[in-house]
Structure formats: C-alpha cells, structure tokens
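Have a look at the structure below, then the notes.
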Amino acid sequence: MKNKLLYLLLCAKLLLLSEAKAQEAMQRSIITGNISDYNMQRDGEMAEVIFDDLLEVRVNSIIHIDSTGNFSFQVTRPFSQTGMLIFGENLYSFYVAPGDSQHFDIHSSIAQTTFTGNHAEFNTNLNSYFKLINSFGDDYDIQNSLRCTLSIEEYQTYIAENNNVVNSAVDAFLEESKAGNEFKSWSISHRKYSSMANFMKYRWLKPIKCKINPDSFNLTIPPSYFSFLKEPNLIEKNSLGSQSFYYFFTDYYNYMFTEVMDQV
C-alpha cells in the first residue's frame with residue numbers, strides 16, 4: 001500500500017509538473033541550418049529530429065535537406081528540452097526553449113558545428129559536454145561483462161566510482177568553459193538521472209545479458225539498493241529538460257508498477 005501511494009503521488013507530481021511547464025507559452029521555435037560539406041549520397045536527403053517523452057514515447061520528425069545542404073524546421077514543445085538532429089551517420093544535440101530562433105552551421109567531416117541565435121553558448125557547451133561524457137563510456141561488451149561478473153554491491157561501487165571520475169572531469173569543464181548557470185543546472189540534472197538510470201536498468205538488463213532467471217535475480221536485490229529513490233528531490237523543476245530523466249523515469253515507472261501489481 002505504501003508503494004502504491006508513493007507511485008500515485010509520483011504520477012500526480014509529474015502531471016502537475018508537466019501542466020506547470022505547459023503554462024509556458026506554446027510558442028514555435030524556429031531552427032535553420034546549413035551543412036557546409038553536404039553530400040547527398042553520403043548524408044541522405046532527409047534528417048530526423050527527435051525529442052524524448054515520458055514512458056519512451058519519442059516525438060520524431062523528418063525534415064528535408066536541400067541540394068545545397070540547407071534545412072529548417074519548427075519545434076513546438078511546452079517546455080525547454082534537449083533534442084537530437086540525425087542525418088547520415090551524424091548526431092547533434094541541441095537545447096531549445098519555446099520561442100527560440102537558432103541556426104546551426106555544420107561541418108560534418110570534422111565534427112564541427114557553430115551555433116548562433118538563442119541558446120548558442122548553451123548548445124556549444126552541450127555538444128562539448130557529450131563528447132566529454134562519451135569519452136568515459138565503457139565498451140558495450142565490457143559493461144555487460146561487468147554486470148555478469150560483479151555482485152550487486154560491487155556493481156553499485158563501480159557505478160559510484162565511475163560517477164566520481166566523470167563528475168570531476170565535468171566540473172573542470174564547466175569551470176574552464178565558464179558555462180552559464182542554466183547549463184550548469186542542466187548538467188547536474190543530466191548526471192543525476194543518468195546515474196539513476198544505470199542503477200534502474202541493472203535489475204532487468206543483467207538477467208537478459210547474463211541469461212539468468214529475472215524473478216530469481218530480483219529476489220536477491222536488497223531493498224537498500226533502491227534507497228536513492230527515497231531522496232526528497234527525486235523529481236526536480238528542471239527534470240523534463242534532460243533526456244536522461246526520461247530514461248530513468250521509464251524504468252522507475254515499470255519498477256513501481258511491478259511493485260504495485262505484486263501487492264494487488
């Protein structure tokens with residue numbers, strides 16, 4: 001019953017948060033761009049714009065790239081949020097607020113982008129931030145091997161130690177880049193939910209990758225493993241701006257739903 005109440009309260013809080021964010025003017029954001037070294041055969045005639053939403057519902061749009069590499073699209077989101085622009089083998093992240101006007105000058109062969117317009121500095125820092133974060137990413141096979149070989153306590157320690165290394169590097173980057181408060185706040189939220197998402201997916205990913213019975217494995221996870229879910233600011237004002245929140249929330253929703261159903 002306690003978990004059920006917690007789950008219902010969480011859903012209510014999310015609805016209220018979403019409603020509050022939706023009160024921001026539903027203004028259209030206009031984004032234009034040019035790919036200076038555009039090659040139609042290599043890059044394709046279409047690009048994809050993606051925004052994450054709750055429960056892994058992604059908002060996808062397909063946009064056209066003309067023969068000179070120009071593109072434009074409009075975004076109507078009820079709150080500020082990170083999105084992704086994908087064409088060919090290239091992926092670019094951007095942060096957009098309602099009413100923004102932005103322009104991207106992309107040189108894909110050297111992975112260089114110049115942002116102008118609203119949130120230009122934010123977007124420059126955003127792409128540098130992801131390059132830094134990804135440089136600490138373990139090989140996919142190594143991650144799966146660690147999930148299979150480490151005990152639950154050892155895996156928790158591994159994630160915590162990795163977080164400390166990443167956080168130190170990001171803090172140094174924030175200071176060096178003289179990032180503004182808005183970006184600093186976003187990066188804190190992104191790292192927080194990335195860590196939580198790693199912990200949450202462990203409960204279902206380990207049984208899949210290590211070929212063990214999920215029900216038996218979940219019985220071995222002590223309640224203390226999920227102690228981070230009890231922190232008072234589990235969902236914060238700026239949660240919806242970072243894609244890592246959506247990854248976390250999907251697994252948290254499934255976890256709480258299972259907990260509730262087990263008590264019915």
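The values are calculated or read from the model by the stated rules, or taken from the named source; none is laboratory data. All values derive from a computational prediction rather than experimental measurement. Counting neighbours? That spans all protein chains shown, and the Cβs are built from the backbone with ideal geometry, glycine included.
Structure notes:
- Checking each residue in region 156-177 for being over 20 Å from the mean Cα position of the chain (by Cα) and either buried (at least 16 other Cβ atoms within 10 Å of the Cβ) or within 23 Å of GLY83 (Cα to Cα) (or both) picks out GLN156, TYR158, SER177.
- Residues considered: LYS131, LYS206, LYS178, LYS211. Of these, the only one that is touching a residue at least 12 places away in the same chain (Cβ under 8 Å) and among the charged types (D, E, K, R) is LYS206.
- For region 124-141, the criterion of being over 24 Å from ASP171 (Cβ atoms), in contact with a Leu (Cβ under 6 Å, 6 or more places away or on another chain) and at pLDDT below 90 is satisfied by no residue at all.
- Residue list for region 73-90, restricted to those being in contact with a Phe, Trp or Tyr (Cβ under 6 Å, 6 or more places away or on another chain) and of a type in the set (Val, Ile, Thr): THR82
- Among the residues of region 77-98, the one identified as surrounded by fewer than 15 Cβ atoms within 10 Å (Cβ to Cβ) and not in a strand (DSSP E or B) is GLU89.
- Condition check for TYR225: among the aromatic types (Phe, Trp, Tyr), closer than 30 Å to TYR95 by Cα and crowded, with 16+ Cβ neighbours inside 10 Å: no
- Counted residues, region 31-74 - those being part of a strand (DSSP E or B), at pLDDT 90 or above and among the β-branched types (Val, Ile, Thr): 7
- Residues (of a type outside the set (Lys, Arg), over 15 Å from ASP105 (Cα atoms) and touching a Gly at 6+ places or on another chain (Cβ under 8 Å)) located in region 29-42: SER29
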